[in-house]
Amino acid sequence: MGTQDASGSGDCLFCQIANNQTGTEILLSDDELVCFRDVKPGATHHYLVIPRTHIDNCKSLQGHNISLVEQMEEMGRSILEKNKVSDLDDVRMGFHLPPFSSVPHLHLHALAPASKMNLRSQLRYGPQSCWFITVDKVLSQLRTHNKVT
């Protein structure tokens, strides 16, 4: 199943967070998105942005999700700015490709400063990672192919 209302995913941790059913501190939110800290940070600043609607992962995205992904990126940049990240060119934003997603609910990683990530984080989120796809690449694929490959 690719998409469903968050209220219909009782066993999904991120749906529970989106519905305020956990003690997770919500840093930013709107009608469609929720942002919170990653519990296993890979950088000094590491935030997750999730849609309130359950979408399994980035491979479930279709062309009609372009604006959602753009909004997720915008919220990721907003939380970094709110937390005084001054160099927005030194960030990594993207998604883990299945089967490397730790939670089966679409989540954008917003990390900064990327240049200070340790080796383990570089392997998980860096440019050479085969597990991680940047938000720019996801948007490019959605615009070109109408889905993420």
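Just so it is clear, none of the values below were taken in a lab; they were calculated from the coordinates. Note that the structure is predicted; figures quoted are calculated from it, not measured. Cβ coordinates were reconstructed from backbone atoms using ideal geometry, including for glycine residues, and neighbour counts include every protein chain displayed.
Things to note:
- For residue 137, the aspartates and glutamates whose Cα falls under 14 Å of its own Cα, not counting residues fewer than eight places away in the same chain, are 70, 73.
- Selected from 29, 66, 55, residue furthest toward positive end of dipole (the stretch 18-73; charges at beta carbon): 55
- Links that overshoot a 23 Å alpha carbon limit, given the list 82/116; 40/84; 40/147; 40/82; 59/84: 40/147; 59/84
- Figure legend: label point modelled 7 angstrom from the Cα of residue 74 along Cα→Cβ; residues of the stretch 33-47 with amide N under 20 Å from it are 33-36, 47.
- In order through the stretch 29-40: 3J(HN,Hα) via Karplus (6.51 cos²θ - 1.76 cosθ + 1.60), integer Hz, x for Gly, Pro: 7, 8, 5, 10, 10, 9, 10, 8, 6, 6, 6, 10
- The stretch 12-96: C-alpha gyration tensor shape, a/c 1.5 cut-off, then a/b vs b/c: oblate
- Which of 86, 78, 140 has the fewest Cβ neighbours within 10 Å, and the rest in rising order: 86, 140, 78
- Couplings 3J(HN,Hα) for the stretch 41-53, derived from phi with the Karplus relation 6.51 cos²θ - 1.76 cosθ + 1.60 (θ = phi - 60°), are x, x, 7, 3, 10, 9, 10, 10, 10, 10, x, 5, 7 Hz, where x marks Gly and Pro.
- Using the Karplus relation 6.51 cos²θ - 1.76 cosθ + 1.60 with θ = phi - 60°, the per-residue 3J(HN,Hα) values for the stretch 65-80 come to 8, 4, 5, 4, 5, 4, 5, 4, 4, 4, 5, x, 5, 4, 5, 5 Hz, with x marking Gly and Pro.
- Note on residue 28/residue 137: beta-carbon distance plugged into 1/(1 + (r/R0)^6) with R0 of 25 Å gives a FRET efficiency of 0.55.
- 16 Å reach of a label modelled at residue 39, 7 Å along Cα-to-Cβ, counting backbone N of the stretch 67-104: 101-104
- Three principal axis extents of the chain based on alpha-carbon atoms, in descending order, are 39, 38, 24 Å.
- Only Lys, Arg (+1) and Asp, Glu (-1) charged, at Cβ; the chain dipole about Cα centre in debye: 520
- Peptides 105-113, 43-51, 10-18 ordered by average Cβ neighbours within 10 Å, highest first: 105-113, 43-51, 10-18
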